[in-house]
2 protein chains.
Amino acid sequence: MGTTHTHQAELFTPDNPLRLSGGAELAQVEVAYETYGELNHDASNAIFVCHALTGDAHAAGFHEGSSKPGWWDNIIGPGRPLDTDRWFVICPNLLGGCRGTTGPSSINPATGRAYGVDFPLLQISDFVTVHRALLAHLGIEKLYAAIGGSMGGMQVLQWAVETPEQVERAVVIAASSRLTAQNIAFSAVARQAIMRDPGFAEGRYLDEDVDVEGPRSGLAIARMMAHITYLSEQGLAEKFGRRFQNEQSLGGFGVDFAVESYLDHQGSVFLDRFDALSYLYLTRVMDYFDPFDDPEAVKRIAEGATRFLVMSFDTDWRFNTNHSRRIVRQLVDGGVQTSFREITSPWGHDSFLLELDDYHRTVAAFLGAP
Amino acid sequence: MGTTHTHQAELFTPDNPLRLSGGAELAQVEVAYETYGELNHDASNAIFVCHALTGDAHAAGFHEGSSKPGWWDNIIGPGRPLDTDRWFVICPNLLGGCRGTTGPSSINPATGRAYGVDFPLLQISDFVTVHRALLAHLGIEKLYAAIGGSMGGMQVLQWAVETPEQVERAVVIAASSRLTAQNIAFSAVARQAIMRDPGFAEGRYLDEDVDVEGPRSGLAIARMMAHITYLSEQGLAEKFGRRFQNEQSLGGFGVDFAVESYLDHQGSVFLDRFDALSYLYLTRVMDYFDPFDDPEAVKRIAEGATRFLVMSFDTDWRFNTNHSRRIVRQLVDGGVQTSFREITSPWGHDSFLLELDDYHRTVAAFLGAP
């Protein structure tokens, strides 16, 4: 992909508010999104990309003046698995996010201040409601495919549960249909790190009359901890082992081992691109996600005839293969046409972002099949 | 065990300072310790218990007026694997700790203030130096056995490396001879949580003229995160699953799931019994531990004729069985008499603290063998 840019759409307004599954309403929702490739004449070639926890609309190509490609550039583009010579690829920033779509750091039109913790709680279903509104805005009725990794895969699954007739093919990668106690525990500690930071100021850190710089330490800690779960033990060993960051050990409690330097860097660059409140809202969404709790869910997918590709990575321990197997079991038992692949990769959960032959070939084959 | 109490010994003084492996000296070291059972006439029945990161000298029995037994009471006592009818059991609090033995929160005699971050950096070897001094103080030349789990096992291993003739039997449980990048990463994030807490005040929070209450949030976060690694995914699932703490879900970002309540409680009770500086010092010690880096280490053990029992737990992912296997391989290759057992237990790393039949029988058999 060459140069790409982010669009902005006002999808919900006071006359047409967004009704959330929890009962609250948002009277104004703007969505940032990007598209790659061309929509064909009968609007039948759209592939919808759902991003994960900290992703954004900039999935592919380069923004003017930037040398850093979008987060999924290796899979989107001419000749790539999401082939933009053939398909029209759409990727929006999530509701509740902080990268152009309305979220807790947006201005609440009712008060003229940032929502903060007054932003309503979200569910995966709410993301999908907004995705559908974006599709309608783009004049598309039905998707050729929806695809996403991690929390992106959860949105794809939820979409198929709600309106399967709209999703011909669903690609669910390194995702979960129900978090374990350990998954919830990690997210809970991350949120505590943010909320206990004095800079959080009970969620009011964005208010002009609250003189704090935000929960920067807490957010960095949350991100560092999350990064440990994104890489496998083996991946960390291969990447860093017990190497020191400098030629000689410095001792002390600061950065000494290379793995410490890596985490420190990840924590610090994250602060420039992510908002702590979005982190709270988006992680909490996952904790409650449990679509198969509804006994009718799979039946609806089967009736809507969505076809599934479910994938996992063998060293992923954020959402290990058992999470994918559970999804597959539910789908297959309910008569949904489902393919499943566990990909071998040393890189843990992060593998879904990487260019791995076997992985990309499997996605390309599934999307390319008639 | 019935009522037990903690003794205090001044093991190093200005005339006889503690020389640390890093080169620094401590002119005054007091050690808190407990003993259970009776030392026999030729002082040949002593078993030395080395505690883990957050343990203390109170390993067994009950302190006057308390209904909470010592942390390893289930394994120490009449008829238990560390049978106090037969053996004299010793357990000291570690150097650098905060439960009666000199550490960073102790008063530095040179300044009249708490050491804080001026306390010298430690190595596992320094713990062992102090252990040997305690033995001498008690008039014991040689141990019937040394035993410890997790960081306790590291001390046992180091002791055998340094003075194997002093350790007839070594029991190393759920320990490591070399942390992985993932192990180091978890500890690094825990330390960052503490040091980035404004209450840390660059390690000066104990000074009377520094008006902060200490890094309470950071220490709680560190402890919560550590607790996730002490329990297996399966153990957390069995204990908590996706249950809510109250009858109904509360929503929001606070404690809602039972696993969140558990972590919150663990983080909070820890503040009453542990010092954040000790947490920094004692976790950092483990990162650098690598006794087999010395090619002579195993040879010395073999010459000293220490016999080893190495144990792991199959769901432990803090120090998984590979850590124990590495120790066993090194010992066996060097001709050290070594038994190895991996115990089946759903409870992860914490298993070493639990009363598990197979585990306790194995320890009892090894200690009871002639």
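The values are calculated or read from the model by the stated rules, or taken from the named source; none is laboratory data. Note that the structure is predicted; figures quoted are calculated from it, not measured. Neighbour counts are summed over all protein chains in view; Cβ atoms, including those assigned to glycine, are modelled from backbone coordinates with ideal geometry.
Test A:ARG191 against the criterion of being at the interface with another protein chain (Cβ under 8 Å from one of its Cβ atoms), of a type in the set (D, E, K, R) and surrounded by 20 or more Cβ atoms within 10 Å (Cβ to Cβ), and give yes or no.
Working: at the interface with another protein chain (Cβ under 8 Å from one of its Cβ atoms): yes; of a type in the set (D, E, K, R): yes; surrounded by 20 or more Cβ atoms within 10 Å (Cβ to Cβ): yes.
In short, yes.
Can you list residue pairs whose Cβ atoms sit under 8 Å apart, with the first residue in segment A:106-124 being in contact (Cβ under 8 Å) with a residue 40 or more places away in the chain and the second being among the acidic types (Asp, Glu) and in a loop (DSSP other than H, G, I, E, B)? Count only pairs 6 or more apart in sequence or on different chains.
From residues that are in contact (Cβ under 8 Å) with a residue 40 or more places away in the chain, the pairs are A:ARG113/A:ASP207; A:ARG113/A:GLU208; A:ALA114/A:ASP207; A:GLY116/A:ASP207.
What number of residues within segment A:312-326 satisfy the criterion of being assigned to a helix (DSSP H, G or I) and in contact with a helix residue (DSSP H, G or I) (Cβ under 7 Å, 6 or more places away or on another chain)? Give the steps one after another, and end with the answer.
Just the residues of segment A:312-326 that are assigned to a helix (DSSP H, G or I), to begin with: A:321-326.
Now narrow it down to the ones that are in contact with a helix residue (DSSP H, G or I) (Cβ under 7 Å, 6 or more places away or on another chain): none.
Within segment A:312-326, residues that are assigned to a helix (DSSP H, G or I) and in contact with a helix residue (DSSP H, G or I) (Cβ under 7 Å, 6 or more places away or on another chain) number 0.
Is there a residue being closer than 23 Å to B:ASP275 by Cβ and assigned to a loop (DSSP other than H, G, I, E, B) anywhere in segment B:129-149? Lay out the reasoning, then the answer.
Going residue by residue through segment B:129-149, those that are closer than 23 Å to B:ASP275 by Cβ are B:129-131, B:133-134, B:148-149.
From the residues that got through so far, the ones that are assigned to a loop (DSSP other than H, G, I, E, B) too are none.
Among the residues of segment B:129-149, not one is closer than 23 Å to B:ASP275 by Cβ and assigned to a loop (DSSP other than H, G, I, E, B), which makes the answer no.
Filter segment A:209-226 down to residues that are within 8 Å of chain B (Cβ to nearest Cβ) and under 21 Å from the mean Cα position of the chain (by Cα), then give me how many there are. Give the derivation first.
Pass one, segment A:209-226, residues within 8 Å of chain B (Cβ to nearest Cβ): A:217, A:220-221, A:224-225.
Subset that is under 21 Å from the mean Cα position of the chain (by Cα): A:220-221, A:224-225.
Number of matching residues: 4.
Within segment B:29-36, can one find any residue that is assigned to a loop (DSSP other than H, G, I, E, B), under 23 Å from B:ARG169 (Cβ atoms) and touching a residue at least 60 places away in the same chain (Cβ under 8 Å)?
Initially, segment B:29-36 is screened for residues assigned to a loop (DSSP other than H, G, I, E, B), giving none.
No, segment B:29-36 has no match at all.
What number of residues within segment B:131-159 are surrounded by fewer than 24 Cβ atoms within 10 Å (Cβ to Cβ) and of a type in the set (Val, Ile, Thr)?
Counting residues in segment B:131-159 that are surrounded by fewer than 24 Cβ atoms within 10 Å (Cβ to Cβ) and of a type in the set (Val, Ile, Thr) gives 1.
Could you check how many residues of segment A:332-370 are in a helix (DSSP H, G or I) and over 17 Å from A:ILE75 (Cα atoms)? Quick ask: steps written out before the conclusion?
Here is the first cut: in segment A:332-370, the residues in a helix (DSSP H, G or I) are A:332-333, A:348-353, A:357-368.
Filter again for over 17 Å from A:ILE75 (Cα atoms), leaving A:332-333, A:348.
Looking only at that region, the number is 3.
Given the conditions (1) surrounded by 17 or more Cβ atoms within 10 Å (Cβ to Cβ); (2) touching a strand residue (DSSP E or B) at 6+ places or on another chain (Cβ under 7 Å); (3) of a type in the set (Asp, Glu), report the number of the one that B:ASP126 does not fulfil.
(2)
Any idea which of A:ALA136, A:ALA185, A:ALA174, A:ALA170 is more than 9 Å from chain B (Cβ to nearest Cβ) and without any contact (Cβ under 8 Å) to a residue 12 or more places away in the chain? It would help to see each step written out before you state the result.
Working: A:ALA185 fails: more than 9 Å from chain B (Cβ to nearest Cβ); A:ALA174 fails: without any contact (Cβ under 8 Å) to a residue 12 or more places away in the chain; A:ALA170 fails: without any contact (Cβ under 8 Å) to a residue 12 or more places away in the chain.
Going through A:ALA136, A:ALA185, A:ALA174, A:ALA170 in turn, the sole match is A:ALA136.
Scan B:ALA110, B:ALA43, B:ALA52, B:ALA57 and give me the residue that is aliphatic (A, V, I, L, M), in contact with a helix residue (DSSP H, G or I) (Cβ under 8 Å, 6 or more places away or on another chain) and outside any strand (DSSP E or B). If you could, list the steps in order and put the result at the bottom.
Working: B:ALA110 fails: in contact with a helix residue (DSSP H, G or I) (Cβ under 8 Å, 6 or more places away or on another chain); B:ALA43 fails: in contact with a helix residue (DSSP H, G or I) (Cβ under 8 Å, 6 or more places away or on another chain); B:ALA57 fails: in contact with a helix residue (DSSP H, G or I) (Cβ under 8 Å, 6 or more places away or on another chain).
Only one candidate qualifies: B:ALA52.
Just one of the numbered conditions (1) surrounded by fewer than 17 Cβ atoms within 10 Å (Cβ to Cβ); (2) modelled with pLDDT of 95 or more is not true of A:GLY37; which one?
Every listed condition holds for A:GLY37 apart from (1).
Could you tell me whether any residue of segment B:302-316 is within 14 Å of chain A (Cβ to nearest Cβ) and over 20 Å from the mean Cα position of the chain (by Cα)?
Of the residues in segment B:302-316, the ones within 14 Å of chain A (Cβ to nearest Cβ) are B:315-316.
Filter once more, so that each one left must be over 20 Å from the mean Cα position of the chain (by Cα): none.
No - not one qualifying residue is present in segment B:302-316.
Report the residue count in segment A:208-255 for those that are more than 30 Å from A:LEU179 (Cα to Cα), touching an Asp or Glu at 6+ places or on another chain (Cβ under 9 Å) and among the polar types (S, T, N, Q).
3
Can you give me the number of residues within segment A:253-270 that are under 26 Å from the mean Cα position of the chain (by Cα) and facing chain B (nearest Cβ under 10 Å)? Steps first, answer last, please.
Initial filter on segment A:253-270 (under 26 Å from the mean Cα position of the chain (by Cα)): A:259-270.
The next check asks that each one be facing chain B (nearest Cβ under 10 Å); those that pass are A:259-264, A:267.
Qualifying residue count for the region: 7.
Say whether the condition of being farther than 29 Å from A:HIS227 by Cβ and outside any strand (DSSP E or B) is met by at least one residue in segment A:60-69. It would help to see each step written out before you state the result.
Kept after step one, since they are farther than 29 Å from A:HIS227 by Cβ, are these residues of segment A:60-69: A:64.
Narrowing further to those that are outside any strand (DSSP E or B): A:64.
Yes; the residues of segment A:60-69 include at least one that is farther than 29 Å from A:HIS227 by Cβ and outside any strand (DSSP E or B).
For segment B:236-252, name all the residues that are crowded, with 17+ Cβ neighbours inside 10 Å and more than 9 Å from chain A (Cβ to nearest Cβ).
Listed by number, the list holds a single entry, B:GLN245.
Could you run through segment B:313-334 and say how many residues are without any contact (Cβ under 8 Å) to a residue 60 or more places away in the chain and in contact with a Lys or Arg (Cβ under 8 Å, 6 or more places away or on another chain)?
Initially, segment B:313-334 is screened for residues without any contact (Cβ under 8 Å) to a residue 60 or more places away in the chain, giving B:314, B:320-322, B:325, B:328-329, B:331-334.
With in contact with a Lys or Arg (Cβ under 8 Å, 6 or more places away or on another chain) added as a condition, the list becomes B:334.
Counting residues in segment B:313-334 that are without any contact (Cβ under 8 Å) to a residue 60 or more places away in the chain and in contact with a Lys or Arg (Cβ under 8 Å, 6 or more places away or on another chain) gives 1.
Of the residues A:PHE88, A:PHE127, which single one is at pLDDT 95 or above and in contact with a helix residue (DSSP H, G or I) (Cβ under 6 Å, 6 or more places away or on another chain)?
On the way: A:PHE88 fails: in contact with a helix residue (DSSP H, G or I) (Cβ under 6 Å, 6 or more places away or on another chain).
On inspection, the qualifying residue turns out to be A:PHE127.
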